[in-house]
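Working notes, structure below.
The values are calculated or read from the model by the stated rules, or taken from the named source; none is laboratory data. Predicted model, so just to flag it, every value in this text is computed and none were measured. Because the Cβ atoms are built from the backbone with ideal geometry, glycine has one as well, and the counts that use them run over all protein chains shown. When the accessible area is computed, the model is the full protein with side chains, heavy atoms only, and any ligands, DNA or RNA have been set aside. Shrake-Rupley method; radii C 1.70, N 1.55, O 1.52, S 1.80 Å.
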Amino acid sequence: MHKVFGIKENVKYVDRYGVYIIPIKNGKVGVIKTSKGYFFIGGGTEHNETDEQCIVRECLEEIGYRAIVEKKICSAETFCFHPEIGYFHPIQTYYVGNLLEKVKQPCEEDHNFVWIECEKIKGKMHLDMQNWAIEQAIPPDKR
């Protein structure tokens, strides 16, 4: 399933492809909290990385955990104006998976990893497309 957010203007956009993991455990979703809000763990692929390799690397960098990617849930993109980038077109693919043990301190000092109840995180993600993705990832009995 794929969904498009925003309205595409007749301008040049900066495209950015990213992949993200949505870990769900005991009725809670693992997300990163920053001063800007809640985000999924993940980011842009580097140097011919696969989606899975990128997620594993990003989990180590952002929260210090090893991760296992299970399956693709959905993808989304949005057309927006970003104050620092300009016309921005993030394209994101979302996977569910598990976080294993914490093996190191995260590199991102402003990224606080938290587990939040599925019901309480709905509508709280910084990006509308990530709010939509969480709805796709949460099992029907937890919605």
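Pairs from the list 72/104; 72/122; 8/36; 12/102 with a Cα-Cα gap above 31 Å: 12/102. Once C-alpha pairs closer than 8 Å and six or more residues apart are averaged by separation and normalised to the residue number of the chain, the relative contact order reads 33 percent.
Note on the chain: with a GNM built from Cα contacts shorter than 10 Å, the maximum mean-square fluctuation among 29, 14, 96 falls on 14. Dipole size of the chain about its Cα centre, with +1 on Lys/Arg Cβ and -1 on Asp/Glu Cβ: approximately 460 debye, rounded to the nearest 20.
Of all the accessible heavy-atom surface of the chain, with the other protein chains kept in place and a 1.4 Å probe, what percent is carbon and sulfur? After summing per-atom areas, the C and S share lands at 48 percent.
Counting only alpha carbon atoms, the long axis of helix 51-63 and the longest principal axis of the chain meet at about 70°. Helix 128-137 and the longest principal axis of the Cα set of the chain meet at an angle near 40°. I need the shape label for segment 35-101. Rule: rounded when a/c is under 1.5, else prolate if a/b > b/c, else oblate, with a, b, c from the alpha carbon gyration tensor. Here segment 35-101 falls in the prolate category. Protein heavy-atom accessible surface, 1.4 Å probe, per residue over the chain: 57 Å². Of the GluC sites (Glu not before Pro) found in segment 41-143, those in coil by DSSP whose Cβ has at most 13 other Cβ atoms within 10 Å are 46, 84, 109. Site pair residue 119 and residue 14 shows an inter-label distance of 4.0 nm when each label is modelled 7 Å from Cα along Cα→Cβ. Kirkwood radius and radius of gyration were both taken over the C-alpha atoms of segment 1-140, and their ratio Rg/Rh is 0.95.
Computed log10 I(q)/I(0) for segment 1-43 at 0.17, 0.21, 0.33 Å⁻¹: -0.74, -0.95, -1.13, from the Debye equation with unit scatterers placed on every C-alpha and solvent omitted.
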